[in-house]
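So the structure is just underneath, and the comments pick up after that.
Since every read-out is calculated from the coordinates, none of them should be taken as a lab result. Just so you know, these numbers come straight off a predicted model, no measurement behind them. A quick note on method: Cβ atoms are made from the backbone with ideal geometry, for glycine too, and the neighbour counts reach across all protein chains shown.
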Amino acid sequence: MKKILLVVGLVLSLSLGTSAQRAMPQAMQKLLNAEYAISSLYVDTVSEDKLVEDAIKGMLENLDPHSSYTDAKETKELEEPLQGEFSGVGIQFNMNQDTLYVIQTVPGGPSERVGVLAGDRIITVNDTAIAGVKMKNSDIQKRLRGKKGTQVTVQVKRPGVKELITFRITRDNIPVHSIDAKYMLDERKGYLRISRFGAKTHEEMMEALKELKKQGMTQLVMDLSDNGGGYLNAAIDMCNEFLDRGQLMVYTQGENSPRNEANANGWGEYKDLHMVVMVNQYSASAAEIFAGAMQDWDRAVIVGRRTFGKGLVQRPIKFEDGSMMRLTVARYYTPSGRCIQKPYSRGNKKAYEKELLDRANVGEYYCLDSIQFNDTLRYTTRLTGRTIYGGGGVMPDVYVPIDTSEYSTYYRDLTAKGIINQYVIKYVDKHRKSLAKQYKTLAEFDKGFAVSDEMMAEFIALGEKDSVKYDQEKYRTSERLIKDIIKGLIARDVYSDQSAYNVIINHRNRDLQAAIEVLNDRERFDRLLREGNPEYERLVKRHDTK
């Protein structure tokens, strides 16, 4: 016992021995002493690196829901989609029955240059079989990605060719695009779907808008549905294109971070473009910054459902080993002074993550009458002074409920097991050439192609084979939805164009139909930006301010 006490005393005296350590705050000394004692005295072998990582995670978990720590590998994986490019072979793929199926090659990318085609199946990578071995997508990506200039050898099975084809591909930088779709809805209306806010999002947006403008665009639907955000600067650059000089786009402020404002410089190219912005419950962070700025300056009509409500600013703090801590340092505020961040309790991340489900349970996604606005969180827009509300997320000017009339458990099970994708891969594999020959353009395909009853019988059989039992009543409920999704995915694969899916499927997008209706009714558009939505007034929860 005396020996143990002696060792403990020695450890503590060593850990506090220098004047620099004695000058440390008491809490920091306590933390260092604890780590030193555990690594030196614990009954089993422990990793000091893991001790430190666990300590960092523990501290962050008791702060807010968005402060986080990632190791070097996780940090790299998180940053790649936002950086705008990574190094690899340049293919988009799906897994079909444990086999990598090439949906499309990146135009001008390494795989296209050597002759890899949509529909090819990659069987081996550098002599390692990846087909039929139940390999994870992430493990396959590791084998295909690598340093620019390095080579990877793949063997490909191509429909109609007996022998495997060998390709030696030199890896190169592959762009990660932010824009999922861009096309003209009619002679005047452009549609632009942005999936993330990355390093090159502003540049991509400007190229897309230029292209749409050449096609006659005078009105725009900006679709930020399901956009989880990304870089703050990307949102600021985008806002700048639509606002006048000096107009505040966003400001950030925290206990240890003084107010920092971003104001438009007046050089934007689309300050007069007639615009609607689509959002939903999964639109977050930078997407909310953009939507909030457009709403606060009465610049665009917002359509959809209340956004996620992430208004906390994280500062990345990188460590020498490549790991990173993303620490919340401020809150961001829209031009009217609204903080978009929804309420949270420190250390209770489960309740925070469950909040979207809570919205569903109270009916917010399905019925406007289930929503209440807190009159103590009333704000006004900067130009017309119409009423908007804070309290978590951006509430759209035009609310659109989710349509669940075609949803069924049969459709859910088919989706969960990937039956729709499996069927499309098989169908396109067999009919790619004939479809491309019969329908030379996407417009011809959209007009002339229909998913037949014979196709649906094959599809149902594929589901049965994978234990998704056919239910006629539930099938009838979801039949039209399933057919439209199949048609959209076939179009995407045949024409190697991500926009093709949206072109085919968007006729059933209720948010988009509402956006189009607003653009078609200029009087209603102007009234919404001048007076707001009169329906919301009856949903205000009054508070006694006496």
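Could you work out the helix-only [θ] at 222 nm for the chain, with each DSSP H run of four or more residues adding -39,500 (n - 2.57) and the total divided by the number of residues, to the nearest 500 deg cm²/dmol?
-12000 deg cm²/dmol
Please list, or write none, the aspartates and glutamates whose alpha carbon is within less than 18 Å of the alpha carbon of residue 426, excluding same-chain residues fewer than 8 places away.
Of all the aspartates and glutamates, those that pass the test against residue 426 - Cα under 18 Å, at least 8 places apart if same chain - are 98, 120, 453, 454, 458, 464, 466, 484, 493.
Based on the Cβ-Cβ distance from residue 71 to residue 218, what FRET efficiency comes out when R0 is 51 Å, to the nearest 0.05?
Given R0 = 51 Å and the Cβ-Cβ separation, E is 0.55.
Please list, by residue number, everything in region 348-391 whose backbone N is under 16 Å from a paramagnetic label point 7 Å out along Cα→Cβ of residue 538.
Counting backbone N atoms under 16 Å from the label point, the list is 367-373.
Want the number for residue 184 to residue 368: 0.36 nm per residue separation, take away the alpha-carbon distance, what's left?
63.2 nm
Kindly provide the pair-distance distribution of the chain built from C-alpha pairs, with 10 Å bins from 0 and whole-percent values in order of increasing distance.
Result, from short to long distances: 3, 14, 22, 24, 19, 11, 5, 2, 0 percent.
Taking the DSSP beta bridges in the chain as the whole, what percent of them are antiparallel, to the nearest 5?
75
Using the count of nearby Cβ atoms within 10 Å as a rough guide to exposure, how do 164, 512, 357 rank from fewest to most?
Least crowded to most crowded, the residues run 357, 164, 512.
Please order 68, 39, 467, 283 by the number of other Cβ within 10 Å, starting at the fewest.
Lowest count first: 467, 39, 68, 283.
Determine the gain in length on full extension of the stretch residue 137-residue 176; use 0.36 nm per residue of separation and subtract their C-alpha separation, reporting nm with one decimal.
Working it through step by step, the gained length comes to 12.3 nm.
Quick one: which of 271/318; 30/310; 30/342; 30/50; 76/483; 310/447 span more than 30 angstrom between C-alpha atoms?
In this structure, 271/318; 30/310; 30/342; 76/483; 310/447 lie more than 30 Å apart at Cα.
For every other residue with a beta carbon closer than 11 angstrom to the beta carbon of residue 346, add +1 if it is Lys or Arg and -1 if Asp or Glu, then tell me the sum.
-1
Considering only region 212-313, what is the antiparallel percent among its DSSP beta bridges, to the nearest 5?
35
Calculate, for residue 354 and residue 40, the FRET efficiency according to 1/(1 + (r/R0)^6) with r their C-beta to C-beta distance and R0 56 Å; round to the nearest 0.05.
The formula returns an efficiency of 0.85 here.
Considering only 423, 410, 495, whose Cα is most displaced toward the positive end of the charge dipole of region 401-546, charges sitting on Cβ of Lys, Arg (+1) and Asp, Glu (-1)?
Going by the charge dipole, the pick is 495.
Taking amide hydrogens as modeled 1.01 Å from N in the peptide plane, which residues meet the under 5 Å criterion relative to residue 124, leaving out close sequence neighbours?
Amide H neighbours of residue 124: 130, 155.
What is the dipole size for region 265-345, taken about its Cα centre, with +1 at each Lys and Arg Cβ and -1 at each Asp and Glu Cβ, in debye to the nearest 20?
The calculated dipole for region 265-345 is roughly 320 debye.
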